[in-house]
Amino acid sequence: MKFDVQKTAGCAPRSVRNRLPSVTVAIVGIAALVICGVVAAQALYKYRGENGEWIYSDRPPDDGQDVVEVRSLTPSTPKSGIKVRYEMDGTDVQLVASNEFFAPVELVLDFVTIRGLEFPNPDDHLRWVVPARSEMMLVSLGMLDDAVSPFIEYRYQFLVGNPTAQHTPPEPYRVPFAIAVDHPVSQAFPDTVTHTTLDSRYAVDIVMPVGTDIFAARSGTVFDVSAKNFKGGTDAVRDMSLANIVRILHDDGTYAVYAHLTLNSIRVRVGDYVERGEFIAESGNTGYSSGPHLHFVVVRNVGMAMNSVPVEFEGADSRPVAPATGQLLTAY
């Protein structure tokens, strides 16, 4: 069933990835430099509406009425989930990756300067998949006999996900809201108002009121949560990073992103294993969003780049349903 719906546009923050600046090692110590963005605190205003109801907003009331409370909300900031350090093994220098994510990570290493140490084998691609919650020795560089002050400088970047993952869901995805309820789809492939990148091309935007219960569309392990943001808007640069999100890794190596969730509603934590149909959060209007909706997308790492994949939802009599713009999507 299709019908005219108000276009609700939005997009989730980019996939979990990071690019770190150079790390310099002079064999007498290490300086690991990690630059994090500074995010300003958000102000939440609490006041009464025309009918006496409580209103929580990121803006004070237009009519100048008294504000009962102003809260300062510090948004959650993604932390680096993988580090590369050096260890000495006799006269060899070993670089070791430590993956703190509850998901595998693809890592690429680039040497900027090497002095007094053996060079890596030129046939080595210096690219690895580091399993979830693990450490891996990447390279071992022997010290040259005539070395006086061995020195290395290196960079690395990483992206969550195993590039060999293939999207093989065992059944259609559960519609991610309450059974016997329906909500309209405001954006789905091939309509790409804001879903213009490869990691969002097959995303589905579902219009729903703030506070709608959201359920896991497929079982998996929660590996990333952002739950403290309040603001939303249509400035992509300013608002993209302010979406509250949950990312859940599936058994086939793909993962689902649930975005624009409401403030402090997320009830799962990093490391939790959630079952299909388990309550995870409430919908909202946070981040880059023109109106209350849920942004749902499944992505896979295709080799240091994220691609979204087409999904089908479970319809009546367990038949698969491909989401389409204007469709009234019903949960079964």
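So the values come out like this:
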| quantity | calculated |
| --- | --- |
| Top-ranked residue of the range 274-288 - restricted to ones that are at pLDDT below 95 and under 16 Å from the mean Cα position of the chain (by Cα), ranked as farthest from S241 (Cα to Cα) | T286 |
| Residue list for the range 118-127, restricted to those being open to solvent by less than 50 Å² (accessible area, probe 1.4 Å) and closer than 24 Å to G81 by Cβ | L126 |
| Residue identified as surrounded by 24 or more Cβ atoms within 10 Å (Cβ to Cβ) and not acidic (D, E) among T330, T286, T325 | T286 |
| Some residue of the range 289-303 being over 27 Å from Q166 (Cα atoms), of a type in the set (A, V, I, L, M, F, W, C) and open to solvent by 10 Å² or more (accessible area, probe 1.4 Å) | no |
| Options F215, F223; residue that is among the aromatic types (F, W, Y), modelled with pLDDT of 95 or more, under 20 Å from P323 (Cα atoms) and surrounded by 19 or more Cβ atoms within 10 Å (Cβ to Cβ) | F215 |
| Odd one out for V246, checked against (1) without any contact (Cβ under 8 Å) to a residue 60 or more places away in the chain; (2) part of a loop (DSSP other than H, G, I, E, B) | (2) |
| Some residue of the range 178-194 being under 15 Å from A281 (Cβ atoms) and either touching an Asp or Glu at 6+ places or on another chain (Cβ under 7 Å) or touching a residue at least 24 places away in the same chain (Cβ under 8 Å) (or both) | yes |
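Yes/no per residue for (1) open to solvent by less than 50 Å² (accessible area, probe 1.4 Å); (2) among the polar types (S, T, N, Q); (3) in contact with a helix residue (DSSP H, G or I) (Cβ under 8 Å, 6 or more places away or on another chain); (4) closer than 17 Å to V160 by Cα:
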residue: G90; (1), (2), (3), (4): no, no, no, no
residue: A97; (1), (2), (3), (4): yes, no, no, yes
residue: A103; (1), (2), (3), (4): yes, no, no, yes
residue: I114; (1), (2), (3), (4): yes, no, no, no
residue: R133; (1), (2), (3), (4): no, no, no, yes
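The values are calculated or read from the model by the stated rules, or taken from the named source; none is laboratory data. Here the structure is a predicted model, which means the values were calculated and not measured. Neighbour counts are summed over all protein chains in view; Cβ atoms, including those assigned to glycine, are modelled from backbone coordinates with ideal geometry. The protein model used for the area step is the full one, side chains on, heavy atoms only, and it has no ligands, DNA or RNA in it. Shrake-Rupley method; radii C 1.70, N 1.55, O 1.52, S 1.80 Å.
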